[in-house]
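J.: Dumping the structure here so I can ask a few things about it.
Please treat every number below as a calculation from the coordinates, not as lab data. Please read all numbers here as calculations on a predicted model, not as lab measurements. Cβ sites come from the backbone with ideal geometry, for glycine too, and all protein chains shown count toward neighbours.
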Amino acid sequence: MTSDTWHQRESYSFDRNTIAEIRRAANTGIYRIRGWGAKRVLPTLDDLVFLGASMSRYPLEGYREACGTDVIIGEGRAERPVHLDIPVTIAGMSFGSLSAQAKEALGRGASSVGTSTTTGDGGMTEEERGHSTKLVYQYLPSRYGMNPDDLRRADAIEVVVGQGAKPGGGGMLLGQKITERVAEMRTLPEGIDQRSACRHPDWTGPDDLAIKIVELREIVDWRVPVYVKLGAARPYYDTALAVKAGADAVVVDGMQGGTAATQDVFIEHVGIPTLAAIPEAVRALRELGVHRDVKLIAAGGIRSGADVAKALALGADVVSIGTAALIAIGDNDPAYDDEYRALGSAAGFWEDYQDGTDPAGITTQDPELSSRLDPVIGGRRLANYLQVLTLEAQTLARACGKSHVLNLEPEDLAALTVEAAAMAGVPLAGTGWTPGTSG
Amino acid sequence: MSTAIDLVEVPLRQLNQVLHDAESGGFDVLNPRGAHAVACGITTDVTVEVAGSVGYYCAGMHQVGTVVVNGNSGPGLAENIMSGTVRTTGNASMSAAATGCGGLVVIEGDAGARCGISMKGVDIVVGGSIGHMGAFMAQAGNLVVLGDAGADLGDSIYEAVLYARGEVESLGTDCVEKEMRPEHLAAVEHLLEAADMAASPSDFRRYGSARQMYSFHVDDIDAELAEGPGGTR
Ligand SMILES: Cc1cc2nc3c(=O)[nH]c(=O)nc-3n(C[C@H](O)[C@H](O)[C@H](O)COP(=O)(O)O)c2cc1C
């Protein structure tokens, strides 16, 4: 039957996706749990543009002149600061949510371009320690796999208060992915639907956190920097409190941030976008006089060198990527389209990281599926991608006349929407108007 | 012969560095005056006696040897302990032995809220009573309480085993009383002995997980209709 749908209008309120979700809820009686990050339209860094050099600004030669990309975290604060060659790091993603091959690929890729990877909610594996020259060890509410020996062999410690995909929520790993090895690392029964704690068990509030950070530093003899990771909820206050608690770096993860498994309602409706979060965190750092001393690591929906450069121009020192890194090593590969379709999805739409059925072998613990991912090739792909992000950020920085990507500044930007202008605190393009600051 | 370290004269950093560098031996920590993070991160077979009360995270992430606090302990005593022994002769504040993975923590007095929260294999013996939310989300290990337990004991508990001699104000979600079988009596006896405490194992009751919260309950009406008698879809 061919039907002419031109005279039919899909409801904006009850579109097909909404109808499908109501039907799914009615069938199962459980909220939708999925991976990936927010999928709905949000204000993003795309709503900003660089102005570039012109009569009053002097560009650098795009192919020749030096444009630095290195960042040091914890300098003057820890005995062994973290030296990053590029301002892009790999965000915390647990072994358990990811296969051992995926963790190895991330380690290989990041290490070969001189940046760090991060453990996740499930402890440190030999694979990731072995393949990451710079490894950040997450200290999470669940403390799964938390081990002082691993703490001492980490290059930095990241106290996780929250995550952009779910500020206020704990981790989740469904039974399909709790294999014997994962269960043992987390001291849990095999095959259970694991729901991690959302609050730290032994501290509440910033005053306690300050004492906790001292304890962590004492245990590692003050050798490595301590980061605090926040889901972007109240970034101005949270950043200020993290600094007060003694953080060497603050990670602010916007609502676009990816996750391995969370309630859809959490992913789409809690937290604020990365674009809105960065300037608020920067405002706190500036007011405390520590901007560029305490480093700001921005995350959540970073895809391109343009995103990197814009985040830095807004005042971040480093960005961190999760989803994009997974895509680089093979997530949502069109070559597996048939298999994604057999699972009720399609390449480009696959978001069921919670399921453990990933045809690309990344978000799975299935030995057959995970063996599809070649960690060496995956690592090369990630290295190439990180290289491109860096080259693109340098291209934009040079066009703005900057000899280091960290010299980018809000003055280099204009906004395409009133919302972005208000959030970023930069003028609406073609006007001198910055909502909230000028007339 | 043990070495005395006076926290009035020596900063905390130096104390912990000395303890981290020591390969063995005894240390007396004088004038702790509620200091935080005293004797945390010990990795070698030392014996540390603290003369007085300590603040947060005393003996945090303890791995080997013995730490004895002759006084009260603040929040997070022996948090994430891996093995070895930590004892406080007085009371312990909230989150004692939180997330502990192994070893033994003895609290001769009372423990505050969340004692044994998210414990992952540690044994805890409390001479007095514990506060509310004891053994919240406790994963593995044993908690023995000679006194009473506050509200919501063992809420969302996994495989840890809880023993209380006194009254339990209430059990948390998914925590139930279980039979004291011979192996449990033996376990309590062993733990009391290790903690150097006198009590009769038969006076204790055992609590643990009903295991009703381990998995999400997912309905599937469509599948039922498709499979069921006369199901057409
Ligand atoms: C598969 C996966 C697993 C994750 N696991 C963790 C975790 O264990 N701990 C954590 O703090 N964040 C975790 N995250 C969030 C990332 O650290 C990061 O904040 C987020 O991915 C950044 O957003 P992006 O994915 O848009 O780059 C995870 C994300 C993904 C995609």
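J.: List the residues whose amide H sits under 5 Å from the amide H of A:Q163, counting only those 5 or more places along or on another chain, with H placed 1.01 Å from N in the peptide plane.
T.: Sorted by chain and number, the residues that satisfy this are A:G168, A:G169, A:G231.
J.: Sticking with this structure for a sec: Counting only C-alpha contacts under 8 Å and six or more residues apart, can you give the relative contact order of region B:2-227 as a whole percent?
T.: 10 percent
J.: About the Cα centre of the protein assembly as shown, how large is the charge dipole given +1 on each Lys and Arg Cβ and -1 on each Asp and Glu Cβ? Please answer in debye to the nearest 20.
T.: So the dipole magnitude of the protein assembly as shown works out to roughly 1400 debye.
J.: Quick one: what are the phi-derived ³J(HN,Hα) couplings along region A:105-118, Karplus 6.51/-1.76/1.60 with θ = phi - 60°, whole Hz, x for glycine and proline?
T.: 4, 4, x, 4, x, 5, 4, 6, 10, x, 10, 9, 10, 9
J.: For region B:2-227, state what percent of all Cα-Cα pairs lands in each successive 5 Å bin, counting from 0 Å until the bin that includes the largest distance.
T.: 2, 8, 16, 19, 17, 12, 9, 6, 5, 3, 2, 1, 1, 1, 0, 0
J.: Under a straight-distance cross-link criterion of Cα-Cα below 30 Å, which lysines are reachable from A:K229, leaving out those fewer than 8 residues away in the same chain?
T.: A:K39, A:K103, A:K134, A:K166, A:K177, A:K212, A:K244, A:K295, A:K310, A:K402, B:K120
J.: Over chain A, what relative contact order in percent results from Cα pairs under 8 Å that are six or more residues apart?
T.: That works out to 23 percent.
J.: Now, a different point. What are the ³J(HN,Hα) values, in whole Hz, obtained from phi via the Karplus relation 6.51 cos²θ - 1.76 cosθ + 1.60 with θ = phi - 60°, for each residue of region A:31-42 in sequence order, with x given for Gly and Pro?
T.: Once θ is set to phi - 60°, the couplings for region A:31-42 become 4, 6, 10, 8, x, 6, x, 4, 10, 7, 5, 9 Hz.
J.: Under 16 Å from a label point 7 Å along Cα→Cβ of A:Q387: give me every residue in region A:298-330 with its amide N that close.
T.: A:305, A:328-329
J.: Across region A:146-153, in residue order, what do the Karplus-derived ³J(HN,Hα) couplings come to in whole Hz, using 6.51 cos²θ - 1.76 cosθ + 1.60 with θ = phi - 60° and x for Gly and Pro?
T.: Each residue's phi maps through the Karplus curve to give 5, 9, x, 5, 5, 4, 6, 9 Hz.
J.: Could you pull out every residue, at least 5 positions away or on a different chain, whose amide H is within less than 5 Å of the one on B:I5? Hs are placed 1.01 Å off N in the peptide plane, and Pro or chain starts have none.
T.: B:D28, B:V29, B:L30
J.: Let me ask something else about it. Using modelled amide H (1.01 Å from N, peptide plane; none on Pro or chain starts), what sits under 5 Å from the amide H of B:V144, excluding residues fewer than 5 places away?
T.: Correct list: B:I124, B:V125, B:V126, B:Y163.
J.: Still on this structure: So for chain A, taking the charge dipole from beta-carbon charges (+1 Lys/Arg, -1 Asp/Glu), which of A:G258, A:V220, A:P235 sits furthest toward the positive end?
T.: Farthest towards the positive end: A:P235.
J.: Suppose every K and R has +1 on its Cβ and every D and E has -1 on its Cβ; what is the size of the dipole of region B:2-227 about the Cα centre, in Debye to the nearest 20?
T.: Dipole magnitude for region B:2-227 comes out near 640 debye.
J.: How far is it, in nm, from the label point at A:L343 to the one at A:E180 when both lie 7 Å from their Cα along the line to the Cβ?
T.: 2.4 nm
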